[in-house]
Amino acid sequence: MTTVAELFLARADDDHPGLRFEDREWSWRQVVSACAARARLLSGLRRPGPFHVGVLLENVPEYLFLLGGAALAGATVVGINPTRRGAELARDVRHTDCQLVVTDTAQRPLLDGLDIGVDPDRVLVADDAGYGGDAVGPGAAPGPGTPPGADTLYLLLFTSGSTGAPKAVRVSQGRMAAQAGVMAAGSGFGPGDVLYNAMPMFHGNALNTCVVPAVASGATLVLRRRFTASGFLPDVRRYGVTYFNYVGRALAYVLATPPAADDADNTLRFGFGTDASPRDISAFKARFGCPIVEGYGSSEGAISMSRVPGTPRQAMGKPPPGTDVVIVDDAGRPCPPADIDPEGRLRNAAAAIGEIVSRDGAARFEGYYANDEADAERTRDGWFWSGDLGYADGEGYFYFAGRKADWLRVDGENFAAAPVERILARFPGVITAVVFPVPDPRTGDQVMAALELGDPAGFDPGAFAAFLAAQPDLGTKWAPRFVRVTDKVPLTGTSKVDKRPLRRQSWKTTDPVWWRPFEERATTTMAFRLLTPADRGALDEQFDAHGRRALLDV
């Protein structure tokens with residue numbers, strides 16, 4: 001199969017269960033019929049220009065039907081991230097030239113009052129009686145027209161750059177079909193499997209590692225509106241789940257639920273994802289009897305890595321055979337191999353850590369939408385520059401070392417510092433707000449802010465928490481975990497803010513640092529307290545426990 005449309009059409013006569021959601025079930029034949037109806041709906045509403053359809057939905061069946069309908073109609077799905085807010089969300093829709101947006105009554109208020117560049121009558125509400133997604137005729141094909149080809153643009157997936165403006169990665173039908181086929185075949189998926197997706201479908205992880213592989217293999221797909229740790233094991237047992245995907249701290253959240261003697265009594269065969277800590281991977285297998293497979297892949301499709309037999313516990317793995325991936329310094333010179341002690345600590349971080357670069361990956365990168373400057377930056381000298389930091393040992397195993405420049409990755413979500421800085425600058429008394437990533441003890445990053453105040457001693461943590469809760473455009477992952485209060489942020493020789501010493505010092509500074517302990521997650525109940533020497537020691541112990549102490553020494 002060379003296109004996603006062909007993957008869906010191959011299921012048109014398949015009466016095996018294709019989709020389960022809450023108390024409902026659809027056969028694959030019914031799924032494809034629903035997709036064909038959406039294809040007709042979208043085709044009938046098409047206007048001249050890019051055939052881009054914004055989708056602002058949770059993980060509901062309509063999202064899958066639109067993915068299939070867009071594939072059949074040759075449309076492009078733009079996954080809109082509902083964790084973004086206000087002007088930032090509006091910018092995403094406008095930047096990608098959406099001519100339609102499909103949402104529902106739960107998500108529709110996120111668009112209220114925003115200039116998204118889409119006429120109100122072209123914002124379709126899927127659970128409204130007038131939507132008409134199923135009322136446009138039966139059949140498994142969208143009607144007359146040229147079938148989409150492998151190079152037809154299928155998805156625009158947002159990622160973040162160091163400038164703060166998210167970039168939309170172009171994904172063709174051919175690339176998605178190929179990746180899904182490799183995932184399905186390599187995992188041995190078939191009609192006897194039940195694939196569980198609770199990760200957001202605007203994210204490449206969900207589509208690449210679960211949703212489209214289910215279509216490719218004929219496995220049953222189970223959708224959960226949104227991830228909840230308490231609902232994970234009950235869902236596994238309810239639906240007979242054999243596989244699940246995840247990002248970030250999802251495993252840690254499941255492990256934090258109360259254990260039971262029968263936790264390993266389940267149908268799970270394995271899970272696949274990114275950014276879990278080695279300790280959580282081991283603990284998950286011990287508790288639930290379910291092996292975890294970790295992988296690394298750029299949204300741009302140019303670099304991937306997977307764990308192979310013999311991979312060290314903290315490593316990401318190796319690139320596929322025949323690909324040319326290296327770690328280079330700022331001048332493009334290969335970094336020396338990492339010197340790693342028996343405890344997993346990196347002895348030569350300054351020399352070994354560099355950017356992860358693929359010297360043959362530019363050809364696999366299909367580009368960003370409407371962003372030639374970013375394309376050129378990513379493909380300098382014919383190489384693909386990931387923007388991620390890493391190091392490699394003498395055996396060729398790669399290790400992740402964080403995000404370059406101003407990227408942050410919190411709970412599997414990528415975003416840039418600039419939009420958060422603009423919000424924090426609104427807080428009364430702030431002269432300069434600087435946002436940067438610091439390592440999370442388990443995986444990914446946490447948000448730290450340095451606030452330059454005219455009167456640092458007058459900082460009111462309660463007022464700051466209330467201010468954050470009141471900001472309508474503060475993304476759900478953007479609230480700082482650590483806040484450094486200072487009378488002067490460091491500057492470069494050209495009077496620009498120098499974030500390097502801030503990142504290096506993190507919370508280990510003589511300036512007062514206020515923080516929210518990691519157990520306190522809800523932005524609506526944020527409470528900051530002063531970080532004490534005892535807190536710093538406890539943080540060091542958490543990094544040691546999860547094998548990430550080396551990141552504190554970078």
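The values are calculated or read from the model by the stated rules, or taken from the named source; none is laboratory data. Every value quoted in this text rests on a predicted model; they were computed, and no experiment measured them. Counting neighbours? That spans all protein chains shown, and the Cβs are built from the backbone with ideal geometry, glycine included.
Among the residues of region 88-105, those identified as among the charged types (D, E, K, R) and under 20 Å from the mean Cα position of the chain (by Cα) are Glu88, Arg91, Asp92. Scan region 474-494 for residues that are surrounded by 14 or more Cβ atoms within 10 Å (Cβ to Cβ) and assigned to a loop (DSSP other than H, G, I, E, B) and the total you get is 10. A single entry from Asp406, Asp393, Asp381, Asp372 fulfils the requirement of being at pLDDT below 90 and either charged (D, E, K, R) or within 25 Å of Ser506 (Cβ to Cβ) (or both): Asp406. Filtered by the rule that a residue be surrounded by fewer than 22 Cβ atoms within 10 Å (Cβ to Cβ) and within 21 Å of the chain's Cα centre (by Cα), region 305-317 gives Ser306, Arg307, Gln314, Gly317.
All conditions in (1) under 25 Å from the mean Cα position of the chain (by Cα); (2) farther than 26 Å from Arg442 by Cβ; (3) surrounded by fewer than 22 Cβ atoms within 10 Å (Cβ to Cβ) hold for Asp388, with the sole exception of (2). A residue that is surrounded by fewer than 22 Cβ atoms within 10 Å (Cβ to Cβ) and modelled with pLDDT of 95 or more can be found somewhere in region 139-149.
Go through the residues of region 124-140 one by one and say whether even a single one is acidic (Asp, Glu), over 26 Å from Asp13 (Cα atoms) and not assigned by TED's automatic domain parsing to the domain that holds Thr476. So far as region 124-140 goes, yes, one or more of its residues are acidic (Asp, Glu), over 26 Å from Asp13 (Cα atoms) and not assigned by TED's automatic domain parsing to the domain that holds Thr476. I'd like to check something: does region 120-127 contain any residue that is at pLDDT 95 or above and either closer than 24 Å to Leu7 by Cα or assigned to a loop (DSSP other than H, G, I, E, B) (or both)? Looking for residues that are at pLDDT 95 or above and either closer than 24 Å to Leu7 by Cα or assigned to a loop (DSSP other than H, G, I, E, B) (or both), one finds at least one in region 120-127, hence yes. Residue check: Arg108 meets all listed conditions (1) under 24 Å from the mean Cα position of the chain (by Cα); (2) surrounded by 20 or more Cβ atoms within 10 Å (Cβ to Cβ) but one, namely (2).
Scanning region 37-79 for residues that are in contact (Cβ under 8 Å) with a residue 40 or more places away in the chain and assigned to a loop (DSSP other than H, G, I, E, B) yields Arg46, Arg47, Gly49, Pro50, Phe51, Leu56, Leu57, Glu58, Asn59, Val60, Gly74. Consider region 167-208 and keep the residues that are in a loop (DSSP other than H, G, I, E, B) and free of Cβ contacts under 8 Å to residues at least 60 places away in the same chain. The one that is surrounded by the most Cβ atoms within 10 Å (Cβ to Cβ) is Phe189.
Screening the candidates Ala250, Ala260 for the property of being outside the structural domain of Pro439 (by TED's automatic domain parsing) and in contact with a Phe, Trp or Tyr (Cβ under 9 Å, 6 or more places away or on another chain) yields one hit, Ala250. Within region 431-473, which residues are part of a loop (DSSP other than H, G, I, E, B) and buried (at least 22 other Cβ atoms within 10 Å of the Cβ)? Within region 431-473, Asp440, Pro441, Arg442, Thr443, Gly444 meet the criteria.
Do you know which of the residues in region 90-105 that are in contact (Cβ under 8 Å) with a residue 60 or more places away in the chain and crowded, with 21+ Cβ neighbours inside 10 Å is farthest from Asp372 (Cα to Cα)? Looking at the filtered set, the residue picked out is Asp92. Checked against the criterion of being more than 19 Å from Thr220 (Cα to Cα) and within 26 Å of the chain's Cα centre (by Cα), the candidates Arg85, Arg47 yield just one match: Arg85. Cβ separations smaller than 6 Å between residues 6+ apart or across chains give the following pairs from region 1-22 residues that are farther than 15 Å from Ser217 by Cβ to residues that are hydrophobic (A, V, I, L, M, F, W, C) and in a strand (DSSP E or B): Arg20/Val222; Phe21/Leu223.
Test Ser43 against the criterion of being touching a His at 6+ places or on another chain (Cβ under 8 Å) and of a type outside the set (Lys, Arg), and give yes or no. Against the criterion (touching a His at 6+ places or on another chain (Cβ under 8 Å) and of a type outside the set (Lys, Arg)), Ser43 does not qualify. So in region 353-369, with the set limited to residues that are among the hydrophobic types (A, V, I, L, M, F, W, C) and within 22 Å of Arg409 (Cα to Cα), which one is modelled with the lowest pLDDT? Per the criteria, the residue is Ile353.
The number of residues in region 318-366 that are loosely packed, with under 14 Cβ neighbours inside 10 Å and among the hydrophobic types (A, V, I, L, M, F, W, C) comes to 3. Restricting region 240-265 to residues that are more than 25 Å from the chain's Cα centre (by Cα) and surrounded by 16 or more Cβ atoms within 10 Å (Cβ to Cβ) leaves a set whose member that is nearest to Pro191 (Cα to Cα) is Gly240. Mind listing whichever residues of region 276-294 are in contact (Cβ under 8 Å) with a residue 24 or more places away in the chain and in contact with a Phe, Trp or Tyr (Cβ under 8 Å, 6 or more places away or on another chain)? Ala276, Cys290, Ile292 - these are the residues of region 276-294 that are in contact (Cβ under 8 Å) with a residue 24 or more places away in the chain and in contact with a Phe, Trp or Tyr (Cβ under 8 Å, 6 or more places away or on another chain). Quick one: Asp460 ticks every box in (1) modelled with pLDDT of 90 or more; (2) closer than 29 Å to Ala545 by Cα bar one, so which box is it? Only one criterion is unmet by Asp460, namely (2). Could you tell me whether Phe436 is under 21 Å from Ala352 (Cα atoms) and in contact (Cβ under 8 Å) with a residue 60 or more places away in the chain? Here the answer is no, as Phe436 does not meet what is asked. Give the number of residues within region 414-430 that are in a strand (DSSP E or B) and modelled with pLDDT of 90 or more. So the count comes out to 1.
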